[in-house]
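J.: Here's a structure for you.
The values are calculated or read from the model by the stated rules, or taken from the named source; none is laboratory data. Only a predicted model underlies this, so the values are computations on that prediction, with no experimental measurement involved. Backbone-built Cβ (ideal geometry, glycine too); neighbour counts: all protein chains shown. We work out accessible area using only protein heavy atoms, side chains counted, and drop any ligands, DNA or RNA first. Shrake-Rupley method; radii C 1.70, N 1.55, O 1.52, S 1.80 Å.
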Amino acid sequence: MIRIILFLLLIALAAAGAAWMADQPGDLVLNWGGLRLTSKQPMYLLGLVVVVAMVAGVILRGLWKVPGHIRRGRRERRHARGRHAITQGLLAIGHGDSSAARAHAEVARRHAANDPLALLLHAQSAQLDGDRDGAQRAFRAMAERADTRLLGLRGLFIEAQRADDPVAAVMIAEEALKMSPSSSWASHAVLGFCCAKGDWAGALSIIDNNQSAGLIDKATYRRQRGVLLTARALEFETVDRDLSRASAMEAVKLAPTLIPAAVLAAKFESEAHQVRRAMRIVETAWLAQPHPDLADAYSHVRLGDSARQRLVRVETLAAKTPGHIEGALAIARAAIDAAEFAKARAALEPFVAAPTQRVALLMAEIERTEHGDSGRARAWTLRAVRALHDPVWTADGYVSDRWRPVSPVTGRLDAFQWQTPVAALPSDKGHAIEPSPFEEAMLAPRRVEPPKELASEPEVARPVEPVEVKPAEVKPVEVKPLEPAAPTVQDNAPLPAAIEAEPAPTPAEPAAPEPVPAPAAESAPPAPAPLFRSRTDLPKAASAPIPAVIPIIRAPDDPGVDEDGPVDEFAEQIGPPKAQVGGWRGFLSRLGS
């Protein structure tokens, strides 16, 4: 508005000055060399002089600005060359051409040294070449600038991880977290470090910052805070009972289905003689996911109860999830403790055909405790070695005997899940057993034999007869497999087990039925689950999330997804569609076609 008023004032002053000069009498004479101009009206000549002066001023001003234009053009050309080198270098990094990336990085450093992307290109080309020192120098230069400080800290963090320097990596992550509380990679790194050293207060503060920064939603925040509180409660259970109890109760409020929190909270409530409250806590978690620890806590919710009272309570809990194997196992365990072997057998009956390891071990305990039959107990124990796996606490391929708040492989919070593992680490108690295919074929029919022995229990008195016959008949059984082919050492191993597990069949007919189950064993391999095997690849898995080069778009620890869908040659458009020409030209073109 002010500019408009000033412009109008200048126009008014110019018009007034022109009118004043037009009203003045006299002659205006201009002599320039041989040129003589005379005007009775000075206004015309004055206008000509003004026009000439303006033209001369424009020419002089243009000449004065020529050097500036030249410098600006050179600068723009250098900037364009630098941008082109940066673009081509990043593309070379994308398809893994280290030599081209290094050459473009040198060109970008000469022509656009102050461009942040030139520093990033230099750092990534050094990473691609394996030049760790050069990459660290570039990332330090980026960390000293305000606009690229966070990216430089992230690069230094990854280089510290690659150098196996966790202390430096955590220090860099803490500095980045102070600078940007919403940085997810920094908060994840500091959170993992706090959990590793048991700093639960620091981990809880990081979770609070993540929730306030919008990195996690409310449900995830409640779950993660419950996990951290449970870890603190378990750690201080024998040190500070009050803090442990308060943490467990808060964890149950935040995550009612968290099994360790429910077990610990029910224990504290039962110690305080709050039986009904403890039972409600366990029942809530049991309905979400049945677990043996929950069944044990529910059976001992009232201190001093007898074994039969615990059995009745466990039957009540198992009735809430009918048909679940954990309920049957809990009833069988409580029934064995109460000497109710019939109830234990009835509970395990639906799972005897394809037993898990715990089912087989409980059946072995029933046989040993009820009848003192070591032969059947040994047969069930043998089946337990080859049986299906039971669910265990598993996180990222790591199998643990107890729940942990953080995965020891990736550092992910709340990673452990109660599920059946594909493989497990070897324990210190014994080595894993890996049977050969021949052993699996020989032992597959044994899995059906314990129920047959249970059905033929009245014939237990017959083993008195084979005491004299067996030695004479075992020898032909050994000679027959030796005639067709030279057996391996494994052929002799199953024979004693077969003699102990089958005391009833005394005639020499076992040689005939032995080959018959072999075809059934060939169709049975899908049933057995894989055995526990040694995970030799776990130490190498820690370096997998660290990429060779920081991706431009996605996070360094994110492997990314294939965003390119299947190419449809019919749906792909080669070029932009041409619009139809209108008017008389379009009419003539359509007429000519």
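J.: Taking amide H atoms as placed 1.01 Å from N in the peptide plane, list the residues 5 or more away in sequence, or in a different chain, whose amide H sits under 5 Å from that of Ala415.
T.: Here Ser407 satisfy the definition.
J.: To continue, here is another question. Treating only the Cβ atoms of Lys and Arg (+1) and Asp and Glu (-1) as charged, compute the dipole magnitude of region 96-153 about its Cα centre; round to the nearest 20 debye.
T.: Computed charge dipole of region 96-153: roughly 160 debye.
J.: Of all the accessible heavy-atom surface of region 57-176, with the other protein chains kept in place and a 1.4 Å probe, what percent is carbon and sulfur?
T.: C and S atoms contribute 56 percent here.
J.: Next up: Once you have the Cα-Cα distance between Arg81 and Arg276, take 0.36 nm times their residue separation minus that, and quote the gain in nm to one decimal.
T.: Difference between extended and current length: 62.5 nm.
J.: What does the charge add up to near Ala103, with Lys and Arg as +1, Asp and Glu as -1, over the other residues with Cβ less than 12 Å from its Cβ?
T.: Once all neighbours under 12 Å are counted, the net charge is 0.
J.: Same structure again: Heavy atoms only, 1.4 Å probe, whole protein assembly: order Lys320, Lys197, Lys253, Lys178 by accessible area, highest first.
T.: The most accessible residue leads, giving Lys178, Lys253, Lys197, Lys320.
J.: Something else: 7 Å from Cα along Cα→Cβ at both Lys178 and Arg36: what's the point-to-point distance in nm?
T.: Taking the simple label geometry, Lys178 and Arg36 are separated by 8.9 nm.
J.: Evaluate the distance, in nm, between pseudo-label points positioned 7 Å from the Cα of Glu106 and of Ser306 along their respective Cα→Cβ axes.
T.: 9.2 nm
J.: Under a Cβ-only charge scheme (Lys and Arg +1, Asp and Glu -1), can you give me the dipole magnitude of region 281-345 about the Cα centre, in debye to the nearest 20?
T.: 180 debye
J.: Rounded to the nearest 0.05, what FRET efficiency do Met171 and Val52 give with R0 = 56 Å and r taken as the Cβ-Cβ distance? Could you check?
T.: Efficiency at R0 = 56 Å is approximately 0.15.
J.: Classify region 219-285 as rounded, prolate or oblate, taking a ≥ b ≥ c as the square roots of the eigenvalues of its Cα gyration tensor: rounded when a/c is under 1.5, otherwise prolate if a/b is larger than b/c and oblate if not.
T.: Because a/c hits 1.5 or more and a/b fails to exceed b/c, region 219-285 counts as oblate.
J.: Let me ask another. What is the distance, in nm, between label points placed 7 Å from the Cα along the Cα-to-Cβ direction at Val66 and at Glu144?
T.: 4.2 nm
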